[in-house]
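In what follows, a structure is listed as structure tokens, so that the remarks can point back to it.
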Amino acid sequence: MIPESFIEEVLSRTDIVQVIGRYVKLQHKGANWMACCPFHKEKTPSFSVNPARQFFKCFGCGEKGTAITFLMKYKGLTFPEAIKELADNLGMEVPEDPSAKVREAAARTLTDYLAQAAAFYHENLFRDRGTIEYLKGRGITEATARKFQLGFSPDAWQGLEKVFPGQSYFDSKLEESGLVIAKEDGHRYDRFRNRVMYPIRNPRGQVIGFGARTMVPGEEPKYLNSPETPVYHKSRELYGLYEGRDAIHKKGRAIVCEGYMDVIQMSQAGFEETVAALGTSITPEHVKKLFQLSDNVYFSFDGDAAGFKAARRAMESTLSTIMDTQTAHFVILPQDEDPDSLIKKQGAQAFEAQLSASFPLSKFFVMDIVREVTAGRGLRTAEERAQAVSIAKPLLQRMTAQALRQLLVQEFAAAVRMDPGELAALCGVTLVKETSRSLTQSTTAGYGRDVNQKERFKRPLKPVTTGPVFANIKRRLLQCLLVHPQWLVKYSDRIEDELLDTVDEYEEAIVKLWHLATDHVHKTADDKGEHLTTGYLLSFLQNDPLYEKLVELVDQEATLETSADVAEYEIKCAFLKLEKARLDAMIMELLAMEERGEPVDSEFIGRLFKRRQLIHQSLVQESTEAVDRIMDSVLS
């Protein structure tokens, strides 16, 4: 666990231009830096890096985010790995607890051993005629063999002694890495013997394990894989991800196939963006890694029973992780065909055609459930439709992408001949139009505030009016505070007084940003928040459900380019309008009570009207001053 104080220091010292400039050739243009986007293929630069906000945006493909986002997307790193890389670039050592340091040192040792073994197997490949002929027979070129560092493990019980001679062969790390197997009597032997070796590399290019295929007909197992180790977890890693990362960025898509040889053959045929699971089903962790690199993922499986089973598991993992901005497609190849055989028979264009004809997630969801229930003949009876609903229920419940789930419910409802609302109710999910906490829906009694607020916070109950108009006010308030975070510090009192008891996502986001800003002020000498940047704040919300909405607001500001002065004017006006809305609600409530004959304090109502008039005057004054400032800047 990396201490949060260390993360704050790293982020405060990080310059996004320097970080991205290590991987992309940037050119200075006005206030920003420009380049051809590393995430898709283009000839005219549309990738912009804003050093003031510490934020990047591609106007071509829409990728955007912070320095951490860039490293996670470009290199496929996790959040801790991205922080470590930023720290390394700054010459800072990540402070960790002693046990974590021991684990990291052990991991480095294991990857060192595995790298040495991979180099040995790779050199051995070019000395073994039989393996060379085998690969040639599969159509593998020397360039491809070198790209994937393919190797050959000699047909010897202790072949690795050539790499780890004498006593070093008995080092416990060799056993821990999965390279050798130790017997109870103390004897040892190589796990991999007389097999083609496929090194498995993590996103940083380190060898973390091996896949090994026999060349002997009928020998079982056909594939032998490294066991789980401290550095290798097959449920998290994807074969070919390191080799295909750049192609995934350039082509804007990732293709998932079933095995090592599929990846290698596909890469050789021009589909370098291909990866595969490592002897296991596609897991949610796999899908998350892929969606970090691209918003478009294609799953390709054989058209047999095993292929459909694998596709179902991939669909289940995708449903639990996909977001509304992402797409998943399912390619079901013709019977008895795999990507390699199809390409060899009909050429690369044949597989490209399969990708174009693939099923989007929504279509495959319906099709696969109908296939399971009726073997593909269609739902004919009420019993079959009920069975289909039963299968769909847990799949819909695990989804977090609300818009996609809503559309998927509608599509599936048509297949089972039900009303979407009834289907949603049966499946225990809520359609968006029925969500009581929608950003655009008006609240009823209490105006959305907790009625126990007075007792809990020792303040008067503050009714709030919600709805489209006020949602827009708070949305713009959030946007101005996000792109000019120094105002979070200046207007800290207003935020604390008005918004701590949040009623919607916009208020919740403002309060989260305010907490980050005030923490920054308390831990530094930056009392006015002058060194706060948009990227700094977003980096702490990388895994927050609100992150994508915040990034979208920053993205829109790239077009608006609101100055700090104008933003402050809009912030002042937003607070005044929200206070005026609360006063209006209180006045209406009190007048209604008076009409019902209930006792009210007329003097209190008078004070409310007076305060409302002062707010109106303040709004007029702010507008006049803003116009004067704008005219002065134009004339000067």
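Using the Karplus curve 6.51 cos²θ - 1.76 cosθ + 1.60 with θ = phi - 60°, what ³J(HN,Hα) values do you get for each residue of region 222-232, in whole Hz, with x for Gly and Pro?
5, 10, 10, 10, 4, x, 5, 9, x, 10, 10
Apply the Karplus parameterisation 6.51 cos²θ - 1.76 cosθ + 1.60, with θ equal to phi minus 60°, to every residue of region 265-282 and state each ³J(HN,Hα) to the nearest whole Hz, in sequence, with x for glycine and proline.
Result, rounded to whole Hz: 5, 5, 4, 5, 7, x, 9, 6, 8, 9, 9, 8, 6, 9, x, 8, 6, 5.
Remind me, relative contact order of the chain in percent, using alpha carbon pairs under 8 angstrom and six or more residues apart?
Rounded, it is 9 percent for the chain.
I'd like the Karplus ³J(HN,Hα) series for region 345-352: coefficients 6.51, -1.76, 1.60, θ = phi - 60°, whole numbers in Hz, and an x wherever there's a Gly or Pro.
Listing the rounded values in order: 7, 10, x, 4, 5, 5, 6, 4 Hz.
How much length is gained if the chain between E561 and E4 is pulled fully straight, taking 0.36 nm per residue apart and subtracting their Cα-Cα distance, in nm to one decimal?
197.4 nm
5 Å is the cut-off here: which amide hydrogens, built 1.01 Å from N in the peptide plane, fall below it relative to G303, excluding neighbours closer than 5 in sequence?
Here L333, D336, E337 satisfy the definition.
First measure r as the distance between the Cβ atoms of E508 and D324, then evaluate 1/(1 + (r/R0)^6) with R0 = 25 Å and state the FRET efficiency to the nearest 0.05.
It comes to 0.85.
With a sphere of radius 13 Å drawn around the Cβ of G240, what net charge do the other residues whose Cβ falls strictly inside it have (Lys, Arg +1; Asp, Glu -1)?
-3
Over the alpha carbons of region 156-203, what is the largest minus smallest coordinate on each principal axis, giving the biggest first in Å?
Here the spans come out as 36, 23, 20 Å, largest first.
For F55, what accessible area in Å² do you get when you roll a 1.4 Å probe over the heavy atoms of the protein chains, rounding to the nearest 10?
10
Counting only heavy atoms of protein chains, what accessible area per residue, in Å², does the chain have with a probe of 1.4 Å?
Counting only protein heavy atoms, the per-residue value for the chain is 48 Å².
Using the alpha-carbon atoms, what tilt in degrees (0 to 90, nearest 10) does helix 505-523 show relative to the longest principal axis of the chain?
In the chain, helix 505-523 runs at an angle near 80 degrees to the longest axis.
What is region 111-246 by shape, rounded, prolate or oblate, if you read a ≥ b ≥ c off the alpha carbon gyration tensor as root eigenvalues and call it rounded for a/c under 1.5, prolate for a/b larger than b/c, and oblate otherwise?
oblate
Using only the Cα atoms of region 234-320, build the gyration tensor, take square roots of its eigenvalues as a ≥ b ≥ c, and label the shape rounded, prolate or oblate: rounded if a/c is under 1.5, else prolate if a/b is larger than b/c, else oblate.
oblate
Give the angle, between 0 and 90 degrees and rounded to the nearest 10, that separates the Cα long axis of helix 468-483 from the longest principal axis of the Cα atoms of the chain.
Long axis of 468-483 versus the principal axis of the chain: about 60 degrees.
Compute the angle between helix 241-251 and the longest alpha-carbon principal axis of the chain, please, reported from 0 to 90 degrees and rounded to the nearest 10.
Rounded to the nearest ten degrees, it is 50.
Beyond 18 Å between alpha-carbons counts as too far, so tell me which of K136/K162; K474/K580; K580/K610; K73/K147; K57/K528; K43/K289 fall in that bin.
The answer is K136/K162; K73/K147; K57/K528; K43/K289.
Roughly how many whole Å is it from the C-alpha centroid of region 154-230 to that of region 1-76?
When both Cα centres are located, 40 Å separates them.
Compute the length gained on full extension between K173 and D15: take 0.36 nm times their separation in residues and subtract their Cα-Cα distance, giving the result in nm to one decimal.
Once the chain is fully extended between K173 and D15, it gains 53.0 nm.
Leaving out ligands, DNA and RNA, and with a 1.4 Å probe, what % of the accessible surface on the chain is carbon or sulfur?
In the chain, the share of accessible area belonging to carbon and sulfur is 52 percent.
Just need log10 I(q)/I(0) for the chain at q = 0.10 Å⁻¹, Debye formula, equal scatterers on the alpha-carbon atoms, no solvent, rounded to two decimals.
For the chain at q = 0.10 Å⁻¹, log10 I(q)/I(0) is -1.08.
Run lengths n ≥ 4 of DSSP H only: what is the helix-derived mean residue ellipticity at 222 nm for the chain, with -39500 (n - 2.57) per run over all residues, to the nearest 500?
It lands at -16500 deg cm²/dmol.
Any cysteines in the chain with zero other Cys Cβ atoms under 4.7 Å from their Cβ? List them, or say none.
C36, C61, C257, C427, C480, C573 - these cysteines have no disulfide-compatible partner (Cβ-Cβ under 4.7 Å) in the chain.
With a ≥ b ≥ c taken as the square roots of the eigenvalues of the C-alpha gyration tensor of region 507-566, please select rounded if a/c is under 1.5 and otherwise prolate if a/b is larger than b/c or oblate if it is not?
oblate
On the full set of protein chains, 1.4 Å probe, figure out the accessible area of D527 and give it in Å² to the nearest 10.
110
Can you list residues whose amide H is under 5 Å from F152's amide H, if they're 5+ apart or on another chain and H is modeled 1.01 Å from N?
It is H122, N124, L125, M197, by chain and number.
Report, by chain and number, residues whose modeled amide H sits under 5 Å from the one on F55, excluding near sequence neighbours (fewer than 5 apart, same chain).
Residues meeting the amide H criterion: N50.
By the scheme Lys and Arg +1, Asp and Glu -1, what is the net charge of all other residues having a beta-carbon under 15 Å from that of E383?
Once all neighbours under 15 Å are counted, the net charge is +2.
The values are calculated or read from the model by the stated rules, or taken from the named source; none is laboratory data. Being a predicted model, the structure only gives us computed values, none of them experimental. Every residue, glycine among them, receives a Cβ derived from its backbone with ideal geometry; neighbour counts consider all protein chains shown. Please note that ligands, DNA and RNA were not included when accessible areas were found on the heavy atoms of the full protein model with its side chains. Shrake-Rupley method; radii C 1.70, N 1.55, O 1.52, S 1.80 Å.
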